[in-house]
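Student: Below you will find the structure I want to go over with you.
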Amino acid sequence: MTIFDMDSHLREEYFLDEVYRLEGKFAEYSPVRLNDEKNVRAKFRHNLRPWPPEVRAHFNHSLVYDPSENWNGGDVARRQVGGWDMARRVADNEREGIDRQMLFPTHLSIPTYIRGELGAALARSYNNWVKKLVAGHEDRLWPVGILPWGHPEALCDELDHCVRTLGFRCVHLTPYSHDHTLDDPVFEPFFDRAERLRVPLMLHPASMGDLINRFDNFFAMHVLGRPFNCTAGLVALTTGGIFERHPNLKVAFFECSAEWILYWMHRMDDDYERMKNGFTPKITRKPSEYVKKNCYVTCEADEKLLALALSEFNEDRVLLASDYPHFDSEYPGTVNRLRERSDITETQKQKILCENAREFLGV
């Protein structure tokens with residue numbers, strides 16, 4: 001059985017001068033390296049900041065990745081080498097029992113939230129860089145294409161570049177941009193193109209956002225970031241009629257657990273029953289029907305209500321995710337923890353580890 005890890009991350013922010021080496025009209029935005037560190041202490045001079053500086057300061061948790069801090073024995077800091085050294089990553093995956101792994105950037109917000117043509121240039125630069133990064137490991141390491149959600153006019157062009165030129169199997173979907181929710185008409189050409197190309201969409205949220213940024217500490221921001229942002233995307237896609245108009249779209253949601261989606265199915269269905277006579281013009285069915293058909297979620301190997309989620313949501317729509325090499329990852333042991341569970345069936349385990357990913361990715 002081929003094991004698919006649907007969520008891992010790179011440490012591209014240690015190499016900003018290489019990842020975002022821009023030319024032409026945006027050359028002045030290329031980051032300039034200020035030291036030789038290849039870890040969290042890497043320093044750059046740049047203006048690629050999608051959030052106010054105080055937000056980044058509040059979210060700071062660099063000590064967990066700093067080799068000199070020895071946080072929790074230093075294992076997490078040492079692991080970050082796999083965020084940029086693909087030979088180390090493949091070796092770690094072999095120890096974990098992972099055969100295929102999807103790759104996201106860690107600082108998703110830089111290319112996805114920065115507005116205008118600069119955002120489009122950053123997305124193109126990242127995608128070209130990551131294609132070269134995995135060279136020689138293309139059979140095992142699969143980058144997720146990153147799109148410029150701050151410049152909707154360029155979305156279809158970058159989608160084509162990711163899929164047709166670079167050969168990526170899926171692309172990233174933002175939960176919202178600085179200016180639009182996903183059900184805004186400005187994104188309709190993109191959803192039409194993605195559906196026609198049969199490209200699966202991976203809604204991996206950043207930990208920051210309009211509401212989350214109001215908090216002044218990493219703990220609160222990390223607790224709220226993923227589920228609040230994913231929920232904004234889920235509600236827009238479902239109640240906003242995206243799945244109604246594009247019934248063949250496939251969207252996966254990350255880092256919220258499989259339990260998360262149960263509440264929102266129930267919440268949306270409850271409101272729909274009370275509001276369907278006049279307040280739900282964009283959909284014709286219960287929201288949960290779209291969710292069960294069009295949506296996928298990643299699970300935590302140790303989440304208590306996984307069996308319930310498989311039953312009430314859809315056991316064919318739950319995926320494995322390690323979040324390697326981040327500090328809150330279940331690595332090492334993600335695969336074994338799932339295999340050792342006694343409350344789900346062997347068939348369900350095989351679906352989570354392999355079959356559901358195959359269906360989602362079309363491989």
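Student: Checking the cross-link filter: which aspartates and glutamates have an alpha carbon closer than 17 Å to that of Lys276, excluding same-chain neighbours under 8 positions apart?
Tutor: Of all the aspartates and glutamates, those that pass the test against Lys276 - Cα under 17 Å, at least 8 places apart if same chain - are Glu244, Glu289.
Student: Where is the GNM fluctuation largest for the chain (alpha-carbon springs, 10 angstrom cutoff): Gly241, Gly73, Gly333?
Tutor: Judging by the Gaussian network model, the answer is Gly73.
Student: Would you mind telling me the antiparallel percentage of the DSSP bridges in the chain, rounded to 5?
Tutor: 15
Student: Build a GNM of the chain with springs between Cα atoms under 10 Å: which of Gly83, Gly278, Gly150 gets the top mean-square fluctuation?
Tutor: Gly278
Student: On to the next question. Using only helices, what value at 222 nm comes out for the chain when you add -39,500 (n - 2.57) per DSSP H run of length 4 or more and divide by the total residues, to the nearest 500 deg cm²/dmol?
Tutor: Taken over the chain, the calculation gives -10500 deg cm²/dmol.
Student: Test of the criteria: in segment 314-363, which GluC sites (Glu not before Pro) are in a DSSP loop and have at most 15 other Cβ atoms within 10 angstrom of their Cβ?
Tutor: Within segment 314-363, the qualifying GluC sites (Glu not before Pro) (loop, at most 15 other Cβ atoms within 10 Å) are Glu340.
Student: Would you please classify the overall shape of segment 230-363 from the alpha carbon gyration tensor, given that a ≥ b ≥ c denote the square roots of the eigenvalues, rounded means a/c under 1.5, and beyond that prolate means a/b larger than b/c while oblate covers the rest?
Tutor: prolate
Student: Still on this structure, please answer the following. Over the heavy atoms of Leu338, what accessible area does a 1.4 Å probe trace out, to the nearest 10 Å²?
Tutor: Roll a 1.4 Å probe over it and Leu338 shows about 0 Å².
Student: Give me the percent relative contact order of segment 50-164, please, defined on Cα pairs under 8 angstrom at least 6 residues apart.
Tutor: Relative contact order of segment 50-164: 22 percent.
Student: Compute, for Val76, the solvent-accessible surface of its heavy atoms (probe 1.4 Å) with the complete set of protein chains present, and express it in square angstrom to the nearest 10.
Tutor: Roll a 1.4 Å probe over it and Val76 shows about 10 Å².
Student: Considering the chain as a Gaussian network with a 10 Å cut-off on Cα pairs, which listed residue, Arg226, Arg198, Arg45, attains the greatest mean-square fluctuation?
Tutor: Judging by the Gaussian network model, the answer is Arg45.
Student: Same structure again: Enter the accessible area per residue of the chain (Å², integer; probe 1.4 Å; all protein chains in place).
Tutor: With all protein chains present, the chain gives 43 Å² per residue.
Student: Between Lys293 and Phe279, what length comes free when the chain is fully extended (0.36 nm per residue of separation minus the Cα-Cα distance, one decimal in nm)?
Tutor: Extra length available between Lys293 and Phe279 comes to 2.8 nm.
Student: Moving on. How many nm is it between the label spots at Leu305 and Lys25, if each spot is 7 Å from the Cα in line with the beta carbon?
Tutor: A separation of 4.9 nm, rounded to one decimal place.
Student: Figure the gain on full extension for Arg88 and His180 (residue separation times 0.36 nm, minus the Cα-Cα span) and round it to one decimal in nm.
Tutor: 29.2 nm
Student: Hey, which of these cross-link pairs are over 26 Å Cα-Cα: Lys250/Lys351; Lys132/Lys349; Lys43/Lys132?
Tutor: Checking Cα-Cα distances, Lys132/Lys349 exceed 26 Å.
The values are calculated or read from the model by the stated rules, or taken from the named source; none is laboratory data. Because the structure is predicted, anything quoted here is derived from the model rather than measured. Backbone-built Cβ (ideal geometry, glycine too); neighbour counts: all protein chains shown. Remember, those area values only see protein heavy atoms, side chains included, never the ligands or the DNA or RNA. Shrake-Rupley method; radii C 1.70, N 1.55, O 1.52, S 1.80 Å.
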